[in-house]
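I have placed the structure first, in the form of structure tokens, so that the comments after it can refer back to it.
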Amino acid sequence: MLLILVLLRLVVTQSTPKNGLETIQTNSGLIQGYDIPVPDSVAPDLDNKGKARSMGVFLGIPYAQPPIGDLRFARTVPVAPWTGRTWNATFYRPPCIQKLSFLRKYDFPNFTSNDLSEDCLYLNIFAPKFNNGSRDSENLPVMVWIHGGAYTYGSAIEYDGRVLATYGVVVVTINYRIGVMGYLSTDDDVAPGNYGMLDQIEALKWIQKNIHYFGGNPSKVIIFGQSSGGSTVSMHMFSPLTKGLFHGAIAQSGVATDTFAIYRHPYRPINTTQSLARVANCPTNDSQTMINCLRGKPPMFLAEAKVEQPPMSAPWVPNVDQYYLMDLPERLLERGEVNSVPIIAGSVTSETGADYTYLPGIQNGINQTQLRDVYSIHCQRYFDQADIMLEAIMCQYGGKPDDPIGNRQRLFEFMSYYEYIAGIYRLVDRYVHLNRNVWIYSYNYRSIQDPTPKYWGTYHAIELQYQFGMPFISKFNQPWKWNSIWPTAIKWTVADELHSRNMMELWSNFAKLLDPNTEKHQRPVWTQYQEYNKVYIDIDKRNSIHINQHPQDVLFWNIFVPKVLSGHAKPSECPAKTFKIIGK
């Protein structure tokens, strides 16, 4: 019925060119999606290929069996080939089970639980054709997007790959299990956890076997993601199961060495699972009995349940399971046990600017009492050393009695570096000794039309609309249903369009060359990161090169705090009082 409605819509739309359908034979079976024209004003003129003339869009392709019944809380099972029929890839499949609040707030205001499903392991492919119109001769690099959302929210349907794909890449977006369905663990073989990570691996295996049918090169696959998607991207570098499945990585506002990225001592996922079991009136004394009971509960009940969890962390995150991950990323990195590939890693300048709207009067700043109260809550993570950490944090980020705006900025800096940025440097300062192909960025572009409060600054996830070319997406024909509010959130300016093209060029260059610079090295050359000078690029209206990003903050979290916790430094000797600022 949906296909009939789509065809009727094409018949009555006379003002734009008609969209065709394209059928592709894959190892899984026949797949039929769209073949839509690419507006000439959207596609860049690539030196070696000209302009993309049409775009293959294949939505909702299954890569794994539905994780329902006995496959709930179980490792991913590959999809079985379909024969005797053609898979209809002309519409998105449902997002995975999750709380509805995130999708309603940011993308789909009218979503209900009926729009979500446990049967959600699907991927979407955006595959351009150039002048010769032949898929076989394209041989394009592949960019696989892993969405973020604190391991708890989000969906592939939020991210349209059509514009980015015109830059000479095949874009793939994937759904994977999230939240309780993706990461619940009993700390044993009954329900080992990391199902969302294994879903992603199964998608990468499907891509290796089939992406050449869509014009993609399986030997040039880049994975990229943001927030928990970024930490996931870099986590895959430490798994023995991912070798050969990707050849470069872009981790945006999240890496495996960040504090939120994985369960670390003394926290254990079994404690969170048992908390859920108690809420669900399931037994907790035996793993198998507990999981059998939880498999019988409604999925939305499990997703919405409030459970006891570690402070400063989502309740359901990856863990060391001795299968997907043999040890903590930082330990594996120390031993050099990593899949070494070129990487880009970076952050926005105000990662947590939007996180504290609950504080009264935040738009006008905060006082020192509010500042200390927030810090005190975060310090609960340190148990019997909470008072010591609070003293150290107040020394570094304590603010001033008569400076509410400055106090607010210190709060943002505290959380941004604790939660996101310091972890990037924990990763790259060691990783660069294993692979010198490392590029670091700080993102600092905000449209003058951005409708969010200005005090948020360049907030978490602000860059995504530009790297996916949202200023241009409305110029495409779109014969499928997609009710996201994202493309219309801003009245795009010429500056926004130029910045969006800058972002897409940098990211697609990396996919093509494993280097974000062009072959001609136009504009400022984005120099590789080196530990001794910590070079990075500021991505804004004009890309500019700098060194040593906020050294005080990185030193505080990566050197000073471990010394304080081990008793080798006094909390009152923080870098803010003893360190001379250098660099930017």
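Read-outs throughout are calculated quantities, based only on the coordinates presented, and are distinct from any laboratory measurement. Worth saying up front: this structure is predicted, and the values here are computed from it rather than measured. FYI the Cβ positions are ideal-geometry reconstructions off the backbone, even for glycines, and counts take in every protein chain you see.
Summary table below
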| read-out | value |
| --- | --- |
| Ranked Ser442, Ser566, criterion: other C-beta atoms within 10 Å, fewest first | Ser566, Ser442 |
| Reachable lysines from Lys209, criterion Cα separation under 17 angstrom, eight or more residues apart if same chain | Lys220, Lys243 |
| Relative exposure of Asp136, Asp384, judged by other C-beta atoms within 10 Å (fewest first) | Asp384, Asp136 |
| Net charge of neighbours whose Cβ lies under 13 Å from the Cβ of Phe246, counting Lys and Arg as +1 and Asp and Glu as -1 | +3 |
| Partners for Lys563 among aspartates and glutamates (Cα-Cα distance below 20 Å; same-chain residues under 8 apart left out) | Asp258, Glu330, Glu334, Asp384, Asp387, Glu391, Glu419, Asp429, Asp553, Glu573 |
| Percent RCO, i.e. relative contact order, over the stretch 59-179, from Cα pairs under 8 Å lying at least 6 residues apart | 30 percent |
| For the stretch 316-404, the fraction of alpha-carbon pairs in successive 5 Å shells from zero, as % | 3, 10, 13, 14, 15, 14, 12, 10, 7, 3, 0 |
| J(HN,Hα) series, the stretch 114-130, from Karplus relation 6.51 cos²θ - 1.76 cosθ + 1.60, nearest Hz, glycine and proline x | 5, 8, 10, 7, 5, 7, 9, 8, 10, 10, 10, 10, 10, 10, x, 10, 9 |
| Directionally averaged shadow of the stretch 369-509, computed from the convex hull of its alpha-carbon atoms, nm² | 12.9 nm² |
| Likely footprinting exposure, Ser275, Ser416, Ser572, Ser347, fewest C-beta neighbours within 10 Å first | Ser572, Ser275, Ser416, Ser347 |
| Tensor-based shape of the stretch 20-119 (alpha-carbon gyration tensor, a/c under 1.5 rounded, otherwise prolate or oblate) | oblate |
| Mean Cα-pair separation over length for the stretch 114-252, i.e. relative contact order, pairs under 8 Å, 6 or more apart, % | 29 percent |
| Listed candidates (i) 1.44; (ii) 0.96; (iii) 1.03 - label of the one calculated as Cα Rg over 2.2 N^0.38 Å | (ii) |
| Amide H partners (placed H, <5 Å) of Leu140, local residues excluded | Gly216, Asn217 |
| Size-normalised alpha-carbon gyration radius of the stretch 123-179, reference 2.2 N^0.38 Å | 1.30 |
| Label point distance in nm, Arg430-Gln478, each placed 7 Å from Cα along Cα→Cβ | 4.3 nm |
| Values of log10 I(q)/I(0), in the order q = 0.13, 0.16, 0.19 Å⁻¹, for the stretch 282-346 under a Debye, Cα-only, solvent-free model | -0.64, -0.84, -0.98 |
| Length-normalised contact order for the chain - Cα pairs under 8 Å, 6+ apart - percent | 13 percent |
| Derived scalar couplings ³J(HN,Hα) [the stretch 335-345; Karplus, 6.51 cos²θ - 1.76 cosθ + 1.60; whole Hz; x for Gly, Pro] | 8, x, 8, 8, 6, 7, 9, x, 9, 10, 9 |
| Helix-only CD estimate at 222 nm, as mean residue ellipticity for the chain, using -39500 (n - 2.57) per DSSP H run (n ≥ 4) | -8000 deg cm²/dmol |
| Cys with no candidate disulfide partner in the chain (beta-carbon separation under 4.7 Å rule) | Cys379 |
